[in-house]
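Single-structure report; data block below.
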């Protein structure tokens with residue numbers, strides 16, 4: 001339809017030029033006036049053609065963005081569906097008495113990125129509607145188009161980043177819902193497992209300059225879940241690196257193992273960091289409790305530790321406030337019931 005309109009205008013422009021040639025005998029000011037009109041009309045046709053091209057390009061970009069938003073919405077719906085499935089699994093397994101608080105924490109954490117993404121999508125939709133109105137009124141200028149493109153770029157970036165954040169939170173939450181009975185159980189030497197686990201964490205520890213010591217009786221055999229124990233130690237180490245030591249501060253991390261009873265193993269994990277404030281000690285194992293909410297902390301690390309120790313490892317874990325820094329005492333059976 002637009003091209004037919006331009007064809008008509010171009011024909012009118014050609015006829016105007018022909019008419020101008022026939023008016024050579026007209027007064028000079030008349031001929032100059034007609035020349036101005038013809039030039040202005042030609043510029044108008046060229047400007048309309050440019051706006052049509054801009055509009056086509058804009059429509060293509062909007063179409064791509066709409067497809068991306070639709071895909072992200074489907075991913076968010078699937079993520080919420082996965083979250084509900086994980087929640088039902090947790091309820092059926094009765095992993096914690098405070099399961100309601102856990103689900104509430106998940107909903108609270110996911111609400112922020114989803115809310116931001118929704119606000120950005122709404123803002124982008126309003127800007128798009130305004131741009132469409134200007135296009136239909138043939139009233140788009142370069143500044144308005146630049147402002148809209150800046151809005152679209154910023155909004156789509158925020159939508160993507162917050163959707164990724166929500167997906168990451170859901171992925172972390174899934175770890176809480178891991179089936180305790182699905183982990184591999186086998187006989188293993190505790191000292192070797194401790195050394196292997198700490199070796200795998202070596203790059204993080206070396207980068208911060210921390211000293212690690214392991215004191216474990218040789219030949220101590222266990223019939224348990226080494227994968228769960230390794231994850232517990234890994235989470236404790238990362239908790240120390242993130243919360244126990246300030247950036248650039250080096251310290252000590254130690255693992256001390258003994259056997260209070262023949263069928264019981266005690267592992268004391270300790271760091272020489274700044275410790276845990278007294279007002280926070282009663283909440284450290286709560287889901288989504290963290291003192292670094294704005295610095296990437298999710299509050300799931302020690303909660304997962306508690307689940308693994310009391311679940312697959314069939315033991316207990318307590319915070320020992322009598323030692324300097326931070327110390328956790330794990331008591332687990334040498335052979336899981």
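The table below lists the values:
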{"read-out": "Qualifying residue in the stretch 265-279 (condition: part of a helix (DSSP H, G or I), over 18 Å from residue 205 (Cα atoms) and at pLDDT below 85)", "value": "yes"}
{"read-out": "Some residue of the stretch 122-129 being surrounded by 13 or more Cβ atoms within 10 Å (Cβ to Cβ), under 21 Å from residue 44 (Cα atoms) and assigned by TED's automatic domain parsing to the domain that holds residue 76", "value": "no"}
{"read-out": "Condition met for residue 282 (in the same structural domain as residue 314 (by TED's automatic domain parsing) and touching a strand residue (DSSP E or B) at 6+ places or on another chain (Cβ under 8 Å))", "value": "no"}
{"read-out": "All positions within the stretch 215-236 that are surrounded by fewer than 20 Cβ atoms within 10 Å (Cβ to Cβ) and either under 22 Å from residue 262 (Cβ atoms) or not assigned by TED's automatic domain parsing to the domain that holds residue 317 (or both)", "value": "215, 216, 217, 218, 219, 220, 221, 223"}
{"read-out": "Pairs, first on the phi > 0 side of the Ramachandran plot and assigned by TED's automatic domain parsing to the domain that holds residue 116 in the stretch 133-158, second surrounded by 13 or more Cβ atoms within 10 Å (Cβ to Cβ) and modelled with pLDDT under 85, C-beta under 8 Å, six or more apart", "value": "138/48; 138/51"}
{"read-out": "Residue that is modelled with pLDDT under 85, surrounded by 11 or more Cβ atoms within 10 Å (Cβ to Cβ) and in a helix (DSSP H, G or I), where the choices are 43, 72, 31", "value": "31"}
{"read-out": "Residues that are out of contact with any strand residue (DSSP E or B) (no Cβ under 7 Å at 6 or more places or on another chain) and surrounded by fewer than 16 Cβ atoms within 10 Å (Cβ to Cβ), drawn from the stretch 299-335", "value": "321, 322, 324"}
{"read-out": "Any helices (runs of 4 or more DSSP H) falling wholly within the stretch 108-212 and containing at least 3 residues that are modelled with pLDDT under 75 and within 22 Å of residue 236 (Cβ to Cβ)", "value": "142-176, 202-208"}
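The values are calculated or read from the model by the stated rules, or taken from the named source; none is laboratory data. Just so it is clear, the structure is predicted and the values come from calculations on it, not from any experiment. A quick note on method: Cβ atoms are made from the backbone with ideal geometry, for glycine too, and the neighbour counts reach across all protein chains shown.
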